[in-house]
Every structure is written in C-alpha cells, then in structure tokens.
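First comes the structure, then the notes that go with it.
Rule-based calculations on the coordinates, nothing more; no lab input. The shown structure was predicted, so the numbers you read here are calculated from the model rather than taken from an experiment. FYI the Cβ positions are ideal-geometry reconstructions off the backbone, even for glycines, and counts take in every protein chain you see.
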Amino acid sequence: MSAIYPSERRVAWAGKLCEVCMMSEEQPENEINAAEDESLEAGGESFAKLFEESEARASTKLRPGQRITARVISVSGDHVYIDLGGKTEGIVYTSEFTDEEGTVKVAAGDEISVSFVTRSEGSMRFTTMVHGYSAVKLSGIRDAFDGEIPVSGEVKREVKGGFEVMVGGVRCFCPFSLIDLKGGREGGVILGQTFPFKVIEFKEDGKNIVLSRRAVLEEEKKAKVEELKASLNVGDEVTGTVRSVQNFGAFVELFGTVDALIPVSEMAWGRISKPKDVLEAGQTVTARVIALDWEKGRLTLSLKAMQSDPWEGIADRYPVESTVRGIIVRLESFGAFVSLEPGIDGLIHISNLGAGRRINHPKEVVEVGQEVEAFVLGVDPDKKKLSLSLDRKVKTEDIPLPKVGEVLNGKVERVMPYGLFIRLESGISGLAPNAEMGTPRGSDHARMFPAGCDIQAMVIEVDQEHKRVRLSRKAISAQSEKEEVSRYMSTVSEPKESSMGSLGELLKAKMDEKNVPA
C-alpha cells in the first residue's frame with residue numbers, strides 16, 4: 001500500500017468541500033442533498049464528521065513536552081510520519097530509530113511513545129528523547145530489565161564507586177563489586193572494552209540504571225560447572241593457571257571458571273617447606289584430578305601424581321640389612337623419620353634408637369637436621385613403609401659387653417649436647433659424656449669429633465641389666481700418664497755408696513746403733 005503524504009490528504013479533503021459548494025449553487029435544495037449523500041457515500045466519510053473532527057483538532061492544542069502514543073504511518077528519508085488522529089500527522093527524526101549499523105528499528109504500523117516539541121513550517125515535530133536519551137533505546141533497556149536479558153555495554157570511565165557504562169548511547173552505572181567475580185578495581189584493564197551486562201535496576205524513567213557484569217559471569221560459570229560435572233572425572237589431567245599460593249597449598253583456576261586446590265602434600269614426592277618455592281601466581285600447570293566434591297565445590301589436584309612413584313623398585317634400592325644414610329626430618333613420640341631421597345622417608349622406631357638402652361623420647365638420642373647412618377630392617381612397597389634402625393638388630397642376650405677398664409676403638413656415631421655416642425667394634429654403642437671427653441669446658445665437640453671419625457675410649461661403667469656402656473676418653477689420658485710415671489720410676493737406678501757418705505746416711509747409722517726408729 002502506497003504511503004499518503006500530508007499534502008495529498010489535505011488537497012483531497014479540500015476538493016471534496018469545493019465540489020459540495022459548487023453543487024449547492026447550481027442545483028435545487030433536494031438535488032443538493034441527494035448529491036451530498038452520493039458524495040458522502042462515495043468518500044466513505046460525512047462532511048459533518050470531517051467538520052467536527054476539524055473543529056476538535058482546532059480546539060485541542062498540544063503543549064511542549066506532552067507525551068502521547070501514536071501509530072507510525074510511514075518512514076521516508078529523514079522523517080518518520082505518525083498519525084495524530086483524523087488527517088493530522090506529526091514527524092519524528094529517523095535518526096532516533098537508527099542503530100549503530102544504520103538499521104532503522106521502526107516500521108509502518110508500529111506504535112511509539114513520543115513527546116511534542118514544536119510546530120514549525122506547518123509541521124508538528126515530536127521526539128522519542130527522554131532526559132536526553134531516545135525513548136526507544138530506553139525502552140529497549142527497560143525490556144531487557146523486565147526480561148532479564150543481557151545488554152551490551154562499553155566501559156567508558158571510572159567514577160566514584162564504580163564505572164560509567166554506555167549502552168546504546170545511554171549512560172549507565174556498574175559498581176566495582178559487580179564488574180567481575182572478584183569485585184576488581186582494575187580500571188585500566190577493562191576501560192574501553194565491551195561486555196555483556198545484566199540490568200539490575202531501572203528507576204526514575206531511566207535516570208538511574210544499574211548494571212552487573214558479575215551476574216552474567218555467574219550464570220556462565222554455573223553453566224560451565226554443569227558441563228564439568230558431566231565430563232570431569234577423577235584421574236583426568238587438567239591445565240590451569242595458579243591464582244594464589246598459600247602455606248597449605250595453591251589455588252588453580254580451571255577453564256576460567258572453577259578453582260581447584262593443590263595441597264602442599266601433593267606438590268611433590270619430597271618434603272616441601274615453602275609452597276612458593278614450587279609454584280607462583282600466574283604460572284600455568286598441568287595436574288591430575290584426585291578428588292571431586294561438587295556439593296561442597298571442592299576440586300583437589302596433584303602435581304606429584306604426574307611424576308613417577310619413587311616407591312617403585314624400593315626393595316632393590318634399599319635391600320634388607322643394607323646400610324643407608326639420611327637426614328632426620330621429623331621426631332615423634334614413637335620414633336624418628338629419616339629422609340633418604342625425595343619422597344622416601346624411613347622410620348626408626350624408638351625401640352631401635354637406644355642401642356639396647358631404654359629411652360623416653362627420640363630427642364634424647366637424635367635431633368632434626370642430623371645426618372645418621374642406619375640399617376634397613378624391612379621394606380613394604382604397598383604400604384609405602386621403610387623400617388630402619390640405628391643399630392644392627394642383634395639379640396640382646398648375644399650383645400658382648402666389655403669389662404670396666406678396657407680401652408676400645410670405635411667410630412663417632414652422633415654428637416649430642418650432652419655427649420658423644422660411639423659405636424664400638426663389637427656392634428654396640430656407648431655414651432661418652434662431655435665431662436669424660438677430656439676437653440676444655442664449652443668445646444665444640446661436633447667440630448672436633450664429626451660423625452664417622454675414629455675414636456678411642458675406656459669403659460668406665462657397664463649396666464648389665466639395661467645393656468648400657470659408659471665410656472671415657474679422659475680416663476685413657478689418666479691411665480697413660482700413670483703408666484708413663486711407672487715406666488720412668490722403673491728406670492731410675494739405686495744411689496751408689498760413697499766413702500764419705502751423706503749427712504743423712506751418717507745420721508741414720510747413729511740412730512740404728514741406738515735402735516731409734518726413723
């Protein structure tokens with residue numbers, strides 16, 4: 001159907017009036033009435049009705065700013081023509097309905113809400129603008145608010161409390177807490193970027209519009225989590241980015257959606273004191289899923305599961321009765337743990353720490369950080385257990401105890417604050433207290449007698465019941481001095497008799513004569 005422009009409609013209506021007037025001059029009254037009736041039937045409208053509408057329009061005046069609802073008659077060039085009732089039309093600039101791609105978002109038959117602006121050059125001009133914004137665009141944002149549909153907005157600048165976001169030319173606001181899932185303030189990172197937003201407030205006819213990007217991200221996260229629930233399984237390998245490192249482990253972001261935890265115990269087979277020595281924020285890691293708890297939102301990963309198990313072939317590397325060296329890494333009431341290699345710790349039970357003597361706590365014999373030599377008692381690869389002993393396992397009744405006064409050779413086994421443990425050639429260990437070392441008070445025995453060095457000591461005490469031997473290095477020095485004096489005295493010859501004699505000898509002779517005791 002072709003569009004009827006305002007000028008054409010006015011001319012047609014005026015023609016009908018002129019035709020009726022001419023007929024009234026040339027024909028009788030009855031013929032005039034018949035002609036009028038015929039004309040009205042042909043035009044489908046009565047003259048009286050048109051006259052009444054004309055009078056009504058003339059008496060009704062729109063005031064600037066008055067808002068009405070009108071139907072679009074046609075779209076032509078720069079103008080959109082709207083029906084104001086009867087034969088009256090108004091115009092709205094087409095630019096108010098044109099999007100950024102140049103597409104006109106209105107068509108004939110649409111009803112639109114407009115405000116009267118002014119009457120100029122015989123035309124009544126209207127606008128969709130509300131508070132400086134297009135009512136059409138505001139209507140679209142309102143529809144998005146009502147329908148909970150995301151809108152596309154560009155982050156323009158940072159303002160107090162959040163960001164200014166432009167949505168189709170309409171200025172909106174997004175608080176800092178709603179710009180992302182973390183409530184970030186990294187304005188320099190997001191300024192100038194376009195994101196989808198949820199309209200969470202639309203108040204005061206569009207004066208107050210609040211957006212939330214977080215709401216969109218949370219919905220996306222929820223959808224991705226549902227996908228992961230159906231596809232992710234224990235044992236799968238995943239790649240993510242380390243988000244933060246704590247003393248208990250590291251949080252890794254997976255698929256840009258969910259966080260998983262790598263506990264410090266799962267970072268490596270060896271003992272780790274500081275997780276930051278292994279991982280750092282921003283690092284990309286590949287790990288294995290070892291636990292999934294979707295109800296609590298907990299995903300647990302492991303880095304060491306990606307490495308070969310050090311317990312494989314353990315029995316070949318550490319056969320029973322072999323000698324091993326390691327570092328004491330932990331003391332418990334039941335024993336001491338010795339690190340032999342990354343991921344391999346052996347346990348020296350408290351019963352295997354005292355060299356046959358009873359002790360109340362491992363700290364009486366060893367300390368953390370101390371290097372020790374131990375003997376393998378047993379290996380269980382399935383349970384990942386390695387049993388050690390500081391002494392070779394010999395039946396208590398078969399331990400040969402030395403006698404007091406014996407001087408024996410041995411090796412320094414370990415140095416403690418109160419003395420040295422010395423392993424004798426017989427296989428048992430004895431204690432040489434600091435007071436029996438024969439060194440100045442405050443001497444550094446760890447430096448003077450490092451573990452493994454040869455030493456000689458004398459047995460000064462034997463406890464048959466508890467199989468304890470007390471040694472002394474100082475006693476050897478005292479015995480050596482005594483023997484040296486004896487050897488010296490045995491080499492001194494008897495004095496020769498002198499013809500003159502000495503005064504003492506003469507005195508002794510006189511006393512003998514008188515039987516006077518010396």
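Please list the equivalent ellipsoid semi-axes of the range 366-469, computed as the square roots of five times the alpha-carbon gyration tensor eigenvalues, in descending order and whole angstrom. Working shown, then result.
Numbers: eigenvalues 137, 77, 22 Å².
Square roots of five times the eigenvalues give 26, 20, 10 Å.
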Order of SER177, SER120 - criterion: other Cβ atoms within 10 Å of each residue's Cβ, fewest first: SER120, SER177
Which of GLY438, SER472, MET458, positive extreme of dipole for the range 396-485 (C-beta unit charges): GLY438
Cα-Cα P(r), the range 314-389, percent of pairs per 10 Å interval: 21, 56, 22, 1
Against the rule of thumb 2.2 N^0.38 Å, how large the Cα Rg of the range 232-306 comes out: 0.99
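Under the √(5λ) rule applied to the eigenvalues of the Cα gyration tensor, what semi-axes describe the equivalent ellipsoid of the range 136-218? Give them in Å, descending.
Values: eigenvalues 76, 34, 24 Å².
Taking √(5λ) for each eigenvalue gives 20, 13, 11 Å, largest first.
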Of every Cα-Cα pair in the range 67-127, the percent that sits beyond 16 Å: 37 percent
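Return the subset of LYS198/LYS229; LYS222/LYS296; LYS276/LYS296; LYS274/LYS304; LYS276/LYS304 for which the Cα-Cα distance in this structure is over 24 Å, preserving the input order. Each step should come with its number before you reach the end.
Details: LYS198/LYS229 26 Å; LYS222/LYS296 14 Å; LYS276/LYS296 26 Å; LYS274/LYS304 16 Å; LYS276/LYS304 16 Å.
Long pairs (Cα-Cα over 24 Å): LYS198/LYS229; LYS276/LYS296.
Hey, fewest Cβ within 10 Å first, where do THR439, THR286 land in order? Don't jump to the answer; show the numbers that get you there.
Working: THR439 15, THR286 12.
Ascending number of Cβ neighbours within 10 Å: THR286, THR439.
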Antiparallel bridge percentage (DSSP; both residues within the range 329-455; nearest 5): 95 percent
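For every other residue with a beta carbon closer than 14 angstrom to the beta carbon of SER443, add +1 if it is Lys or Arg and -1 if Asp or Glu, then tell me the sum. Before the final figure, lay out the partial values.
Details: positive: ARG441, ARG447, ARG473, LYS474; negative: GLU436, ASP444.
Around SER443, the charge tally is +2.
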Angstrom value of the Kirkwood radius, inverse mean 1/r, which spans all Cα pairs in the range 171-328: 19.1 Å
For MET267, MET124, MET448, order by how many other beta-carbon atoms lie within 10 Å, fewest first: MET448, MET124, MET267
Inter-site label distance for THR194 and GLU237 at 7 Å from Cα along Cβ, in nm: 4.0 nm
